[in-house]
Amino acid sequence: MTGCRTGAEHKWGLPSMPRVDAVWLHPAYQTSYRWLEELERDRPFCRHQLRHLLDVARIMWIGNLEKGLGLDREVVYATALLHDVGKPVQYTMGAPHEEVGARLADGILRSLSGDVAFSAAEREAIVQAIWAHRRFDADAEPLARLLYQADKASRPCFACPAEVRRACSWSDAKKNLGVSV
C-alpha cells in the first residue's frame, strides 16, 4: 500500500506521517541531528540538514511513484530522514557514516512501538538502504536504489558557490552537474 498507513490527514489536507514524526522527535535522532548542525555550522557547502533530508525524501517519493514501486510513504520519508544520522560520528571519529547510521537507525526504529512502529521487514529495508546508500548497486532493493539516486540528485552542484571556488572535494563524476531527477 502506498501512502500513509493511517489514512489520517494533516491540517493542510496532506497525509499525516506519525511514524516519521516519531523518528524526527526521537531523542537519539534529535541528539545526532543537533550535533550534526553544530559540526556543519560553518560548512560552506553540502550540509546534511533538514533541507537535504527532505529533498532526498521527495526525490525518492517521486521515483517511487514514477516507477510504480508501491513503497509506503512513511518508509520512504523515514529512510531519507535517517540516512545521514551517522555523519557526526564520521566527522569526529572517522567511522563510515553509512555503517554508524545503519546501527543508529536500527536502534531508533526498534524503540518505536504501537501506532508508530515499523514492521520488521520495513526496519530491515530501511537499515539496509542506509548501509548501502554510498555505493551504487544495480541489484539493490528498490528502497536502497532510490536512496542512492536521490541522495546524489538532491545536490545542486551545478549551482553551488563552493563549486565556483573549487572548494568541493567531490570529483566531477560524483557531482550532480545538471538539473535532473
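The values are calculated or read from the model by the stated rules, or taken from the named source; none is laboratory data. On a predicted model such as this, the values are computed, not experimentally measured, just so you know. Backbone-built Cβ (ideal geometry, glycine too); neighbour counts: all protein chains shown.
In region 85-107, the qualifying residues are those that are buried (at least 24 other Cβ atoms within 10 Å of the Cβ) and under 16 Å from Val20 (Cα atoms), and the one that is nearest to the chain's Cα centre (by Cα) is Val85. For region 57-65, indicate whether the set of residues that are exposed (fewer than 15 other Cβ atoms within 10 Å of the Cβ), farther than 20 Å from Ala28 by Cα and in contact with a Gly (Cβ under 9 Å, 6 or more places away or on another chain) is non-empty. No, the conditions are met nowhere in region 57-65. Of the helices (runs of 4 or more DSSP H) contained entirely in region 21-119, not one carries at least 3 residues that are closer than 23 Å to Arg155 by Cβ, modelled with pLDDT under 95 and basic (Lys, Arg).
Within region 141-177, the set of residues being in contact with a helix residue (DSSP H, G or I) (Cβ under 6 Å, 6 or more places away or on another chain) and either modelled with pLDDT under 85 or of a type in the set (Gly, Ala, Ser) (or both) comprises Ala144, Ala150, Ala153, Ser154, Cys157, Glu163, Cys168, Lys175, Asn176, Leu177.
When the test is whether a residue is farther than 27 Å from Lys175 by Cα and without any contact (Cβ under 8 Å) to a residue 24 or more places away in the chain, Ser119 passes it.
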